[in-house]
Amino acid sequence: MENIPDKDQNKKEIVSDLIGFEIGKLVRTCKDLTHVPGPTIDTYIRGERSLHLSPINYYVLIFGVSFLIESLLGIGEYAVSRIMVAPGPDQDLTRLNSILEAFFQRKEIQLLFILPGTILFQWLLFRKFRPSFIQNVFFALFAGAQYLLLTLPLVLLFLVSKEVHYQVTLVSSFILPVLFNTYAAIGFYGVGWKGLLWRSALVYLLNMPLVTIITALMVATANWLYG
């Protein structure tokens, strides 16, 4: 008797072909990075890669979904309008600071500037436990993507109150990544949480001056070219 393919399985295969990855892998990656992030990343690095998406694909996918949702809701535009101040003859420094803060609120800027700095400092601060640069890159990508995914429900606050969402995001944008990075690192680096907590905080604290310098140079260049 000829085997008849399962209709649901056929649908899953069609969807997987269209989007470029297996739905089952995506679901398993999301689930495992939520419950056991450290061991999951460690398992992937050790070569067992048939169960989870690659860190690059996962980061790009989650970032893309997050960016699409926030763009459709106008969250980035509200953050910019909320921060920017009207220019004046004695407000150059204030205006520059406003531009920088608004710059950091955009998710595409986080991808372009904050992620590379995060990867760099993740490796520099944690290489004592994992010397491999690529292993620290994989950790930063997986942890960063999962942080974005877990904070997506915060967009519901935007539908209730734009100002409340803005204030909550402003406060949580440093605290939550540090906490999740520490949580994931416990099962990955095999070190006590206290040593991981301050290192995770430094990853983001050291990253901000670097991004600020780069952004200030860009703003200064733009003002020189177009001002």
* Cβ pairs under 9 Å, 6+ apart, first in region 65-81 and more than 17 Å from Tyr147 (Cβ to Cβ), second of a type in the set (Val, Ile, Thr) and assigned to a helix (DSSP H, G or I) -> Leu73/Val155; Ala79/Thr169
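Residue by residue, here is whether (1) within 17 Å of Ile114 (Cα to Cα); (2) of a type outside the set (D, E, K, R) holds:
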position	(1), (2)
Leu125	yes, yes
Ser132	no, yes
Phe138	yes, yes
Pro153	no, yes
Glu163	no, no
Gln167	no, yes
Gly190	no, yes
Trp193	no, yes
* State yes or no: is Phe188 modelled with pLDDT of 90 or more and touching a Gly at 6+ places or on another chain (Cβ under 7 Å)? => yes
* To do: With the condition kept exactly as written, say whether any residue in region 159-169 is in a helix (DSSP H, G or I), at pLDDT below 90 and within 15 Å of the chain's Cα centre (by Cα).
  => yes
* Hey, Gln110 assigned to a helix (DSSP H, G or I), modelled with pLDDT under 65 and crowded, with 18+ Cβ neighbours inside 10 Å or not -> yes
* Yes or no: Ser71 small (Gly, Ala, Ser), modelled with pLDDT of 90 or more and within 18 Å of the chain's Cα centre (by Cα)? -> no
* Structure fact -> Per the list (1) surrounded by fewer than 18 Cβ atoms within 10 Å (Cβ to Cβ); (2) modelled with pLDDT of 80 or more, residue check on Gly76 breaks on (2)
* Looking at (1) out of contact with any Phe, Trp or Tyr (no Cβ under 9 Å at 6 or more places or on another chain); (2) without any contact (Cβ under 8 Å) to a residue 24 or more places away in the chain, can you tell me which one Leu159 breaks? -> (2)
* Asked: Do you know which residues across region 175-189 are surrounded by fewer than 20 Cβ atoms within 10 Å (Cβ to Cβ) and among the small types (Gly, Ala, Ser)?
  -> Gly187
* Residues being exposed (fewer than 14 other Cβ atoms within 10 Å of the Cβ) and either in a loop (DSSP other than H, G, I, E, B) or touching a residue at least 40 places away in the same chain (Cβ under 8 Å) (or both) - total across region 35-49 -> 4
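The values are calculated or read from the model by the stated rules, or taken from the named source; none is laboratory data. Since we're looking at a predicted model, the values are computed, not measured. So basically every Cβ, Gly included, is an ideal-geometry build from the backbone, and we count neighbours across all protein chains shown.
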